[in-house]
Amino acid sequence: MVVEIKHILNLDDIEAFEITCAECKTTISIPLAKCTRTTPQCPRCGQHWYRGGAADNDAILTFARAIADIKAELNHEAKFSFRVAFSGCDSQDSR
Ligand SMILES: [Zn+2]
């Protein structure tokens, strides 16, 4: 039997996004509340992070706005709750 542990996060648990450069492994943290723009390249080594220019960058900003919009809805007595589940972080084979 495989026991899978799921991690459940409330949106309020999300404080920031982290972007790690594939080239030099520098990590930058962007607070969710301040995620109105991201940097297109690594501040340390200058590696360009997005293949096609702004498209991928826009996806990150859209994701940040979606989280902010859902949080705003939840703060106005929404008739639902919203959490994010992650799986596969830890597993045990209890045979
Ligand atoms: Zn870098």
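The values are calculated or read from the model by the stated rules, or taken from the named source; none is laboratory data. Note that this is a predicted model, so its numbers are computed, not measured. No Cβ is skipped: glycine too gets one built from the backbone with ideal geometry, and neighbour counts run over all protein chains shown.
Name the residues in the stretch 17-36 that are closer than 24 Å to SER81 by Cα and either touching a Cys at 6+ places or on another chain (Cβ under 8 Å) or within 16 Å of the ligand (Cβ to nearest atom) (or both), would you? PHE17 - this is the single residue of the stretch 17-36 that is closer than 24 Å to SER81 by Cα and either touching a Cys at 6+ places or on another chain (Cβ under 8 Å) or within 16 Å of the ligand (Cβ to nearest atom) (or both). For ALA64, the conditions (1) modelled with pLDDT under 85; (2) surrounded by 13 or more Cβ atoms within 10 Å (Cβ to Cβ); (3) in a helix (DSSP H, G or I) are fulfilled apart from (1). Of the numbered criteria (1) in contact with a His (Cβ under 6 Å, 6 or more places away or on another chain); (2) within 16 Å of the ligand (Cβ to nearest atom), the one PHE86 fails is (2).
Of the residues making up the stretch 21-49, those that are β-branched (Val, Ile, Thr), surrounded by fewer than 13 Cβ atoms within 10 Å (Cβ to Cβ) and part of a strand (DSSP E or B) number 1. If you check THR39 against the conditions, is it modelled with pLDDT of 90 or more and within 16 Å of the ligand (Cβ to nearest atom)? It is false that THR39 is modelled with pLDDT of 90 or more and within 16 Å of the ligand (Cβ to nearest atom).
Within the stretch 50-61, the presence of at least one residue that is within 16 Å of the ligand (Cβ to nearest atom), surrounded by 11 or more Cβ atoms within 10 Å (Cβ to Cβ) and not in a helix (DSSP H, G or I) is confirmed.
Any residue that is in contact (Cβ under 8 Å) with a residue 24 or more places away in the chain, under 29 Å from LYS71 (Cβ atoms) and not aliphatic (A, V, I, L, M) - is there at least one of those in the stretch 17-26? Taking every residue of the stretch 17-26 in turn, at least one turns out to be in contact (Cβ under 8 Å) with a residue 24 or more places away in the chain, under 29 Å from LYS71 (Cβ atoms) and not aliphatic (A, V, I, L, M). Beta carbons closer than 8 Å, at least 6 apart along the sequence or on distinct chains, pair a first residue in the stretch 57-71 that is closer than 12 Å to PHE82 by Cα with a second that is in a helix (DSSP H, G or I) and not β-branched (Val, Ile, Thr) for ILE67/LEU11; ILE67/LEU32; ILE70/LEU11; LYS71/LEU11; LYS71/ASP12.
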